[in-house]
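The values are calculated or read from the model by the stated rules, or taken from the named source; none is laboratory data. Owing to the predicted nature of the structure, the values given are computational and were not obtained by experimental measurement. For neighbour counting, all protein chains shown are included, and Cβ atoms are generated from backbone atoms with ideal geometry for every residue, glycine included. The area values use the complete protein model at the heavy-atom level, side chains included, leaving out ligands, DNA and RNA. Shrake-Rupley method; radii C 1.70, N 1.55, O 1.52, S 1.80 Å.
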Amino acid sequence: MGSVMLINASPRAPKSNSRRYAELFVQAWPGESACFALTKTNHPELCGELEHYSDLLLVFPLYADGIPVTLLNFLKTLEEHPPRHRPTVSVLINCGFLEPGQNDVAVQMVELFCGQNGYPFGSVLKIGGGEAILDTPFRGLVRRKLRKLAGAISAGRHRSLQVTMPLPKRLFLRASTAYWTDMGGRGGVTREQMATMEIEGR
Ligand SMILES: Cc1cc2nc3c(=O)[nH]c(=O)nc-3n(C[C@H](O)[C@H](O)[C@H](O)COP(=O)(O)O)c2cc1C
């Protein structure tokens, strides 16, 4: 059994869903692990730290159908400062939409990085409805998949796993629209304003 370093690459790491997923993964991981949140300034420190682990688990959200810029910037630093020993890289990604397949391109981006930089690619867990699922009765499905992910990484296997809420799309859409409309209303933003390209009047 190896040791795993988790990097939370969510731009809102301290309050992120990625943080919750990372914490649940650690509960399922049988060996040594450590979690780090990406910041603008800690890239060199994390590149050095990687040396000590057999596995790296990148935990991040889907942003605009790709990897968030926080992760992109870290990968650029890692490209310039690779560790002597390259860990196997696995991915734990969550997205807002219901379909876990929305995450495919972002996973391919990490896989491409690994192929071009000599990192073995490990396993993947793609989570759909990631903003909501942990606060629903379906959270047990996530826990089960996280255990499978931990088992696959620990055994050095390549597995591609996915999980989402088993809901009809129409129901999900109705519930999520009500959620975001309510959230916008509390921040003084109407549904019509949310439907425009303007952000804070710009
Ligand atoms: C700027 C931005 C872009 C996003 N783009 C997508 C997207 O393309 N597809 C999707 O399904 N969810 C998208 N989401 C939703 C996030 O993936 C989702 O809210 C996720 O749970 C955030 O995870 P985090 O809390 O770990 O950052 C986006 C969210 C933000 C803030």
Worksheet item: Which one is farthest from Trp180 (Cα to Cα), of the residues in region 97-131 that are of a type in the set (A, V, I, L, M, F, W, C), near the ligand (Cβ under 9 Å from one of its atoms) and touching a helix residue (DSSP H, G or I) at 6+ places or on another chain (Cβ under 8 Å)?
Response: Ile127
Discussion item. Restricting to region 139-189, and then to whatever is of a type in the set (S, T, N, Q) and not in a helix (DSSP H, G or I), can you tell me which residue is farthest from Ser90 (Cα to Cα)?
Written reply: Thr164
Worksheet item: For region 132-163, how many residues are within 16 Å of the ligand (Cβ to nearest atom) and in contact with a Lys or Arg (Cβ under 6 Å, 6 or more places away or on another chain)?
Response: 3
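Residue-wise test of (1) more than 8 Å from the ligand (Cβ to nearest atom); (2) in a helix (DSSP H, G or I); (3) surrounded by fewer than 18 Cβ atoms within 10 Å (Cβ to Cβ); (4) at pLDDT 95 or above.
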site	(1), (2), (3), (4)
Leu6	yes, no, no, yes
Pro14	yes, yes, yes, no
Lys40	yes, no, yes, no
Glu51	yes, yes, yes, no
Val59	no, no, no, yes
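Could you list, in sequence order, all residues of region 16-33 that are open to solvent by less than 70 Å² (accessible area, probe 1.4 Å) and either out of contact with any helix residue (DSSP H, G or I) (no Cβ under 8 Å at 6 or more places or on another chain) or of a type outside the set (A, V, I, L, M) (or both)?
Going through region 16-33, the residues open to solvent by less than 70 Å² (accessible area, probe 1.4 Å) turn out to be 16-18, 21-22, 24-26, 28-29, 31, 33.
Ser16, Asn17, Ser18, Tyr21, Ala22, Phe25, Val26, Trp29, Gly31, Ser33 - these are the residues of region 16-33 that are open to solvent by less than 70 Å² (accessible area, probe 1.4 Å) and either out of contact with any helix residue (DSSP H, G or I) (no Cβ under 8 Å at 6 or more places or on another chain) or of a type outside the set (A, V, I, L, M) (or both).
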